[in-house]
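The values are calculated or read from the model by the stated rules, or taken from the named source; none is laboratory data. Since we're looking at a predicted model, the values are computed, not measured. In this analysis, Cβ positions are derived from the backbone assuming ideal geometry, glycine residues included, and neighbour counts consider all displayed protein chains.
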Amino acid sequence: MQLSSRTSRISLLTLAAIATALTLSACSGATTGTGSGESAGPSSTADASAADASTADIEFAQMMIPHHEQAVQMSEGMLAKANVDPRVTALATTIKAAQAPEITRMKAWLKAWGAPTDSMAEMDHGTDGMMSDADMMTLDNATGPDADRIYLTQMVAHHKGAIAMAKTELADGKDADALALAEAIVASQTEEIAVMTDLLATL
């Protein structure tokens, strides 16, 4: 019997989470990593120079770091909860495993570029998908199926914001490593949005 596209996406995500967990267990001493959808290679290291970075590259890294940090925080919160749907646990594991190493990479790029890690620009919660303090508290206080639904709904919005930021980098950026990361974010998070939308329909 042929599996539906919805089931296939969810099954693939679960398998990806298991593979990620095994890889992290085997390579726990690693200090660098690639994002979901990326292949390891020379561009996975922080080898960028200030001469190669444009203002768009710097702003992309500065804005994406706190964005990723919040996604990791949201995912860690879900992993600490009891009675979470195992499919949501798999998703949270995948997001944390992909985005935590990317934070390290982007901070290394900014250091190489001679730029501060903190952005001077204000994050716009209406367009960048960032959760407000009230949103984060709602997720923290939720339990069981309510927590599953809130996490998935919030993370869909969060991913859409990241994709918009990545597309801006693809349009305006210059650094090859930053452009590669932006492309990977668009690809992986678009797929994860489809998975989360399917999961929400089953809860």
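Of A184, A171, A178, which residue is surrounded by fewer than 18 Cβ atoms within 10 Å (Cβ to Cβ) and either of a type in the set (A, V, I, L, M) or part of a helix (DSSP H, G or I) (or both)?
On inspection, the qualifying residue turns out to be A171.
Which numbered condition trips up A121, out of (1) modelled with pLDDT of 95 or more; (2) over 20 Å from the mean Cα position of the chain (by Cα); (3) of a type outside the set (S, T, Y)?
Here A121 meets the rest and fails (1).
Hey, among P116, P145, which residue is surrounded by fewer than 19 Cβ atoms within 10 Å (Cβ to Cβ), touching a residue at least 24 places away in the same chain (Cβ under 8 Å), of a type outside the set (S, T, N, Q) and in a loop (DSSP other than H, G, I, E, B)?
Working: P145 fails: in a loop (DSSP other than H, G, I, E, B).
Going through P116, P145 in turn, the sole match is P116.
Restricting the search to the range 148-164, which residues are in contact (Cβ under 8 Å) with a residue 40 or more places away in the chain and over 12 Å from the mean Cα position of the chain (by Cα)?
Of everything in the range 148-164, those that are in contact (Cβ under 8 Å) with a residue 40 or more places away in the chain and over 12 Å from the mean Cα position of the chain (by Cα) turn out to be D148, R149, Y151, L152, T153, Q154.
Just checking, how many residues over the range 62-113 are among the acidic types (D, E) and crowded, with 19+ Cβ neighbours inside 10 Å?
Of the residues in the range 62-113, 2 are among the acidic types (D, E) and crowded, with 19+ Cβ neighbours inside 10 Å.
Using the structure shown, decide if L110 is part of a helix (DSSP H, G or I), within 25 Å of G173 (Cβ to Cβ) and in contact (Cβ under 8 Å) with a residue 40 or more places away in the chain.
Here the answer is yes, as L110 does meet what is asked.
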